[in-house]
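Input: a single structure, listed below in structure tokens.
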Amino acid sequence: MNFNAIPALTYRLEVLEKKYAALETYSKASIENLMSEISVLKLTKSNKPTHNVVITKQQKRRLQNNKRNATDTTQRWTAWKEQFQTGMTISQIANEWGCTRKAVWYARQRNFVKNASSCPDVVKYSN
């Protein structure tokens with residue numbers, strides 16, 4: 001073994017140890033920053049509005065009837081729209097109202113607006 005190379009190897013080892021220490025502190029700081037960002041994201045996600053649309057049982061019972069008049073349908077779709085905007089899924093709305101998901105989906109496709117003429121993608125057919 002060449003003993004003249006020992007100082008060079010020692011120097012290289014010291015340089016590597018310093019680089020490793022710098023990398024270790026940098027990675028710890030990066031991890032701490034990422035963890036703080038994750039905690040902030042969790043807080044903002046938990047601050048998402050809850051399903052706080054208040055509909056009394058009497059109103060819901062009246063709107064759940066099988067009448068197909070425009071007034072009741074408009075009021076029902078308005079309530080669905082409010083619930084959808086607060087974060088409820090189509091399935092949750094359908095389960096709460098005792099109807100099919102297809103009914104809520106149909107309303108959402110029309111932007112919860114009963115009048116078909118106000119929705120450009122709906123085609124009216126005349127016989």
Checklist outcome for this item: Rounded to 0.05, the calculated FRET efficiency for the beta carbons of Gln92 and Ser39 at R₀ = 25 Å is 0.35
Item to check | From phi via Karplus (6.51, -1.76, 1.60), per-residue ³J(HN,Hα) for the stretch 78-86 in Hz, x at Gly/Pro | outcome: 5, 5, 4, 4, 4, 5, 5, 6, 7
Checklist outcome for this item: Calc'd 3J(HN,Hα), the stretch 23-33, phi into Karplus 6.51 cos²θ - 1.76 cosθ + 1.60 (θ = phi - 60°), Hz, glycine/Pro = x, comes to 5, 5, 5, 5, 5, 4, 5, 5, 5, 5, 5
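No lab work stands behind these numbers, since they all come straight from the coordinates. Keep in mind that what you see is a predicted model, and the values were worked out from it rather than measured. Counting neighbours? That spans all protein chains shown, and the Cβs are built from the backbone with ideal geometry, glycine included.
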